[in-house]
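To start, the structure itself, in structure tokens.
Readers should treat all values here as calculations from the given coordinates under stated rules, not as data from a laboratory. Note that this is a predicted model, so its numbers are computed, not measured. Ideal geometry is used to build each Cβ from the backbone, glycine not excepted, and the neighbour counts take in all protein chains shown.
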Amino acid sequence: MKLLHIDSSILGGNSASRQVSAAIADQLAKSASGLDVTYRDLSAAPLPHLSGELFAARQGVVPESPAIQKDIAASEAVLDEFMGADIVVIGAPMYNFGIPSQLKAWIDRIAVAGKTFRYGAAGPEGLTGGKRVIIAISRGGLYGPGTPVAAFEHVESYLRAVFGFIGVTNLEIVVAEGLAMGPEKRAKAMQGALKAVSQLHAPAQLQAA
Ligand SMILES: Cc1cc2nc3c(=O)[nH]c(=O)nc-3n(C[C@H](O)[C@H](O)[C@H](O)COP(=O)(O)O)c2cc1C
């Protein structure tokens, strides 16, 4: 069973989402011996933005330059890594009400028509069913239902939309929020998130055993 662990925070050792995503990966690895873990740090090794040249080269409209060949190969590697994973763990901080641009660049490489979704007569169809995706979200403020800025929450809502669109139905979200509201609130939020992680169920193959 393969686990893909992705981080996107720019805050290195001070990152809350990195701490929670690592705890998730550890928790699953602990409960499933032989879990094959691949780690990708989108901040340390950012993916380039999509380009018109890449699309044109893919469609055979322009010849592939060496730079675009490299980009296509990187894109395919990212997609294969995602498609090959049974479990995907993602650290997703809120920056300016949305996900980090580094994470968006990764999503742009995995949301590929004909590979992870397609449009048919009945509308869009996701093609990545069967995967378990667990997302660790960190936010400085509070965005729960009823809060004054609930409508500004574009991390969880976006990630639910995009993973739903590509067919992921097994999506779990762990939230640590209020992290910028003082050390006590931060500690409490992290404690709550880590407790939620400790309650995540073991990978399916072990549950059946
Ligand atoms: C560039 C930047 C933008 C941020 N924007 C927001 C924001 O819009 N809303 C919010 O609640 N917190 C915001 N924060 C606070 C982060 O969500 C908070 O620090 C969280 O811990 C980030 O996750 P990380 O520690 O894993 O990077 C921002 C932080 C940074 C560094």
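Considering only V168, G129, L179, the residue lying farthest towards the positive end of the dipole of region 123-209 is L179, judged by Cα position with unit charges set on Cβ. From helices alone, the chain scores -12500 deg cm²/dmol at 222 nm; the rule is -39500 (n - 2.57) for each run of n ≥ 4 DSSP H residues, then divide by the residue total. Enclosing the Cα atoms of the chain in their convex hull gives a volume equal to 145 cubic angstrom per residue. Neighbour counts of C-beta atoms inside 10 Å place Y119, Y158 in the sequence Y119, Y158, starting with the fewest. With a Förster radius of 22 Å applied to the C-beta separation of A56 and E76, the computed FRET efficiency comes to 0.85.
When the chain is treated as a Gaussian network with alpha carbon springs shorter than 10 Å, the biggest mean-square fluctuation among G167, G126, G60 belongs to G60.
For I90, the residues whose amide H sits under 5 Å from its own are I6, I134, I135, A136, ignoring neighbours fewer than 5 places away on the same chain, with H placed 1.01 Å from N.
May I ask you to derive the FRET efficiency for A161 and S101 from their Cβ-Cβ distance with R0 = 22 Å, giving the value to the nearest 0.05?
Using R0 = 22 Å, I get an efficiency of 0.80.
Relative contact order for the chain: what percent, with Cα pairs under 8 Å and sequence separation of 6 or more?
24 percent
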